[in-house]
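What follows is a set of notes on a single structure, which appears directly below.
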Amino acid sequence: MATASRTTKLDDDLTVSAIGFGAGALASGYGDVDDSESLATLNRCLDLGVTFIDTANVYGGGNNERLIAKLLADRRDEVTLATKFGIASNLADRAAGRRPVHGDAAYVRQCIDESLARLQTDVVDLYYMHRRDLTVPIEETVGAMAELVRAGKVRHIGLSEVTADELRAAVAVHPIAAVQSEWSIWSRDVERKVVPTAAELGVGFVPYPPAGPRLLDRNHPFGRGLVVAERLPPHHASVRRRRAASQPRGGRCGQVGCRGAACGTGAGRAGMAAVPRRGPRCGLGTDSRHPAGVTRRGEP
């Protein structure tokens, strides 16, 4: 597992393992879970050099962060810990018309304190805005996150599922270590503008899940996996439409650096692959050295 032990430097002097583990796959929302097996999986990841562990306050209603706290109790110094805030409702809330995301400064401050308590740690290495709250200027959200860095509660900040213009606005407020968005064999719209913008600004990119949701799940045959991969919750589908609307329809984007590898999880979800802020140029095609065997370039 020499590949697993490689590291990648994102932006803002944040170095992570080239392969990351998306711990949301261990949350109850993805099926039956066993905490003892989940903890064994997390420990095995660290043993193999996969030290970039990603969770969120919404995974399992906070239980995923509580699970990771058990890992951190003995191995905190080995973990590059990422968690997120922003998705603030469940399906019932959305059906009732309540806002699914929040990004106001007070909410940001509330969420970090709650996450730190569940994780039983005093600092998060990478804190993501999970989804953009369109009712709040992104400058306010990122400004509040920057306050957390100054307070010592967060070391680096990141953004998830943002457009290129939102990324530019955020970088003007505070350095952004990474953007995390779906970039898989089924969802490639980020190639046209978001990834090139991240490369231009020197921001790292953390794609999930390279092979597509549930595609590798042994309980879902290939044909059924294709259906599940496109069965997105309403808030995720709206994010994809918003991202797609921000992409140029003409012209050719510059080539984008792309190194990393996919990491399978016990729940059949593909893991994360950290893309460095700068990397070798590569064309659009197949390459067995790249996650999912695909190299990337902006489409014409």
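The values are calculated or read from the model by the stated rules, or taken from the named source; none is laboratory data. Every value quoted in this text rests on a predicted model; they were computed, and no experiment measured them. Glycine also receives a Cβ, built like all others from the backbone with ideal geometry; neighbour counts cover every protein chain displayed.
Among all residues of the range 48-62, there is none that is touching a residue at least 60 places away in the same chain (Cβ under 8 Å), surrounded by fewer than 20 Cβ atoms within 10 Å (Cβ to Cβ), small (Gly, Ala, Ser) and farther than 26 Å from Asp165 by Cα.
Scanning the range 116-145 for residues that are under 12 Å from Ile157 (Cβ atoms) and more than 19 Å from the chain's Cα centre (by Cα) turns up Gly143, Ala144.
Here Leu72 meets the list (1) in a loop (DSSP other than H, G, I, E, B); (2) surrounded by fewer than 20 Cβ atoms within 10 Å (Cβ to Cβ); (3) touching a residue at least 40 places away in the same chain (Cβ under 8 Å) almost entirely, failing just condition (1). Condition (residue is among the small types (Gly, Ala, Ser), without any contact (Cβ under 8 Å) to a residue 12 or more places away in the chain, farther than 25 Å from Val50 by Cβ and not in a helix (DSSP H, G or I)) applied to the range 102-112: is it met by at least one residue? Checking the range 102-112: not a single residue is among the small types (Gly, Ala, Ser), without any contact (Cβ under 8 Å) to a residue 12 or more places away in the chain, farther than 25 Å from Val50 by Cβ and not in a helix (DSSP H, G or I). Cβ-Cβ distances below 7 Å connect the following pairs, each with a first residue in the range 149-167 that is in contact (Cβ under 8 Å) with a residue 24 or more places away in the chain and surrounded by fewer than 21 Cβ atoms within 10 Å (Cβ to Cβ), a second residue that is assigned to a loop (DSSP other than H, G, I, E, B) and hydroxyl-bearing (Ser, Thr, Tyr), and a separation of six or more residues or different chains: Asp165/Ser246.
Evaluated against (1) over 19 Å from Thr41 (Cβ atoms); (2) surrounded by 15 or more Cβ atoms within 10 Å (Cβ to Cβ); (3) out of contact with any Phe, Trp or Tyr (no Cβ under 8 Å at 6 or more places or on another chain), Tyr127 falls short on exactly one condition, (3).
Checking each residue in the range 127-166 for being under 21 Å from Asp13 (Cβ atoms) and hydroxyl-bearing (Ser, Thr, Tyr) picks out Tyr127, Tyr128, Ser160.
If I filter the range 68-110 down to residues being basic (Lys, Arg) and within 18 Å of Arg132 (Cα to Cα), which single residue comes out as modelled with the lowest pLDDT? Write out each step before concluding.
Step one: filter the range 68-110 for residues basic (Lys, Arg), giving 70, 75-76, 84, 94, 98-99, 109.
Still in the list and also within 18 Å of Arg132 (Cα to Cα): 84, 94, 98-99, 109.
Numbers: Lys84: 98, Arg94: 62, Arg98: 73, Arg99: 73, Arg109: 98.
Going through the qualifying residues, I end up with Arg94.
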